[in-house]
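Structure, as structure tokens:
The values are calculated or read from the model by the stated rules, or taken from the named source; none is laboratory data. Just so it is clear, the structure is predicted and the values come from calculations on it, not from any experiment. Reconstructed Cβ throughout: ideal geometry from the backbone, glycine too, with neighbour counts over all protein chains shown.
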Amino acid sequence: MNTTKKHLTLVLLGMIIILPIFTTSCFKKGSEDPFLSIYTRKARVTGEWQIQSLTWDIKSNDGVEELQTITTVTDKIDWNREIRIVGTDSTRTLQGRVLEGRNTIIFYNDGRFIQTWEYEYDENIPNPENEDVVITNTTKVFESMEGTWNFLHNIDDYKTKERLSLVVENVKSKTFVYQLIETDDDEETPLQSLISTYASTNAYANGEYSTIWTLRMLKNKQIIMDQDIESFEVITVGATGNSYTEVGFKTQTLTRE
């Protein structure tokens with residue numbers, strides 16, 4: 001009898017020690033979360049991630065035409081984009097690649113984040129004057145974004161820490177277009193030439209530009225996150241203003257070693 005009481009005492013003592021470790025942050029929040037994790041949600045988010053795959057399906061309307069843009073990434077590298085004019089058969093398809101190691105998101109423990117995104121794609125340019133001349137444009141795009149991140153509380157039907165808020169402070173973008181012209185008469189290997197560049201930098205006041213992601217799955221080695229897109233903007237130039245809308249969704253899977 002004394003032995004049984006001793007065992008029960010040890011079990012209760014162990015529960016008293018262990019249970020506080022498993023805070024509500026360790027239990028399931030997202031629909032595909034593990035039921036229980038030994039890591040807190042903050043610990044699971046913090047660190048460096050690579051974009052394993054993504055699908056962005058967005059319709060935009062600038063008052064002149066409506067475009068549907070579908071961007072996909074698979075296996076961290078294969079990048080594809082389809083741009084369609086809604087209501088027509090006009091479609092532009094781009095195939096490219098993400099540069100290895102240049103698709104990262106770092107969530108720092110102090111609440112800051114940095115995202116780096118670099119990809120390139122090729123396009124064959126028709127040459128009706130001379131079909132023997134092959135013109136290929138290679139567009140290289142570098143984008144970066146930084147700001148702060150935090151969890152949202154239980155707003156609407158979402159649980160506390162089920163959603164992630166990214167408050168963007170700086171966005172930078174650089175685009176380089178190289179052209180390669182090949183003919184059957186080439187005696188040497190032709191070289192690409194830079195034909196155009198574009199760069200932009202935007203800074204935002206705290207809270208001016210933010211995005212919200214729902215954490216469908218949050219594991220220590222994998223995150224699946226979703227975002228609904230519904231934005232409306234009026235751009236005024238002089239005395240006239242043009243509206244711009246975007247609707248759609250984004251989903252992406254992040255992984256790390």
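Anything in the stretch 102-124 that is touching a residue at least 24 places away in the same chain (Cβ under 8 Å) and over 14 Å from the mean Cα position of the chain (by Cα)? List them, or say none. Matches in the stretch 102-124: Tyr108, Asn109, Gly111, Arg112, Glu120, Tyr121, Asp122, Glu123.
Of all the residues in the stretch 159-201, those that are surrounded by fewer than 16 Cβ atoms within 10 Å (Cβ to Cβ), modelled with pLDDT of 95 or more and in contact with a Lys or Arg (Cβ under 9 Å, 6 or more places away or on another chain) number 7. For the stretch 96-121, filtering for residues that are closer than 24 Å to Val73 by Cβ and either modelled with pLDDT of 95 or more or among the hydroxyl-bearing types (Ser, Thr, Tyr) (or both) leaves 16. Residue-level check: of (1) under 20 Å from the mean Cα position of the chain (by Cα); (2) buried (at least 17 other Cβ atoms within 10 Å of the Cβ), Arg84 misses just (1). For the stretch 136-158, a tally of residues being β-branched (Val, Ile, Thr), at pLDDT below 95 and surrounded by 15 or more Cβ atoms within 10 Å (Cβ to Cβ) returns 1. Residues of the stretch 132-169 that are more than 24 Å from Val98 (Cα to Cα) and among the small types (Gly, Ala, Ser): Ser165 alone.
Looking only at residues of the stretch 100-121 that are of a type in the set (A, V, I, L, M, F, W, C) and surrounded by fewer than 16 Cβ atoms within 10 Å (Cβ to Cβ), we find that the one that is farthest from Gln52 (Cα to Cα) is Ile114.
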